[in-house]
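Undergrad: This structure is in structure tokens; I'll ask about it shortly.
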Amino acid sequence: MQEQAYDLLKRALGDHPQVAQALFDLGDLRAESGQREEARKDWDQSLVLWESTRGKDHPALAYPLTRLAALDLEDGHAKQAVERLERALKVRGRKGLAPMLLADTQFDLAKALHQSGEDRTRAQELARKARKTYEEAGPEGAPSVAAVDRWLAEVGPEEAPLSP
């Protein structure tokens, strides 16, 4: 059904941000059903389409960049994930965007940096920044605070969770 909606939108609108959104959503559905490579293609295409219709610095780019980075990490390509997440952090770092989205990207980048072995000090700093934002979000951020604390505890004693 989602594929049909994408096809209809593509025929009706051509290269348009709504078509990029449909591709992104199709990638999510495919990933949920275990079709990783098809999801990767959809997210790659949505990224290219958003870049061409919204520009290379639009915050929407962070969505496919983050999904693609997650696949990169699963596939053992941490350095590629770091590159994608650095870009996602840059486009999400603008004022006026939801702080939780920025925190999600900071935490994802922290995990990728740690896995890559590139900059574990920065990884710790990013995780702590994300944790602070999650904590400030109140009950909505509580599960994410717990996830950051678990991760910090797993990666080593020098990166233990902050005291409240």
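The values are calculated or read from the model by the stated rules, or taken from the named source; none is laboratory data. Predicted model, so just to flag it, every value in this text is computed and none were measured. No Cβ is skipped: glycine too gets one built from the backbone with ideal geometry, and neighbour counts run over all protein chains shown. With ligands, DNA and RNA removed, areas are computed over all heavy atoms of the protein, side chains included. Shrake-Rupley method; radii C 1.70, N 1.55, O 1.52, S 1.80 Å.
Undergrad: Taking the stretch 92-111 as the search range and keeping residues that are under 12 Å from the mean Cα position of the chain (by Cα) and more than 21 Å from residue 142 (Cβ to Cβ), which one is most open to solvent (accessible area, probe 1.4 Å)?
TA: Restricting to residues being under 12 Å from the mean Cα position of the chain (by Cα) and more than 21 Å from residue 142 (Cβ to Cβ), the top hit is 92.
Undergrad: Also, quick follow-up: Does any residue of the stretch 134-141 turn out to be buried (at least 20 other Cβ atoms within 10 Å of the Cβ) and part of a helix (DSSP H, G or I)?
TA: yes
Undergrad: Could you give me the residue pairs with C-beta distances under 7 Å whose first residue belongs to the stretch 126-144 and is in contact (Cβ under 8 Å) with a residue 12 or more places away in the chain and basic (Lys, Arg), whose second residue is in a helix (DSSP H, G or I) and crowded, with 16+ Cβ neighbours inside 10 Å wherever it lies, and which are 6+ apart or on separate chains?
TA: Once the first residue is in contact (Cβ under 8 Å) with a residue 12 or more places away in the chain and basic (Lys, Arg) and sits in the stretch 126-144, its partners that are in a helix (DSSP H, G or I) and crowded, with 16+ Cβ neighbours inside 10 Å give 129/106; 131/145; 131/148.
Undergrad: While we're looking at this one, here's another question. For the stretch 111-122, enumerate the residues that are assigned to a helix (DSSP H, G or I), farther than 15 Å from residue 150 by Cβ and of a type outside the set (S, T, N, Q).
TA: Result: 112, 113, 120, 122.
Undergrad: Among the residues that make up the stretch 69-91, is at least one of them farther than 24 Å from residue 116 by Cβ, surrounded by fewer than 15 Cβ atoms within 10 Å (Cβ to Cβ), at pLDDT below 95 and not hydroxyl-bearing (Ser, Thr, Tyr)?
TA: Checked against the condition, which is being farther than 24 Å from residue 116 by Cβ, surrounded by fewer than 15 Cβ atoms within 10 Å (Cβ to Cβ), at pLDDT below 95 and not hydroxyl-bearing (Ser, Thr, Tyr), the stretch 69-91 yields no hits at all.
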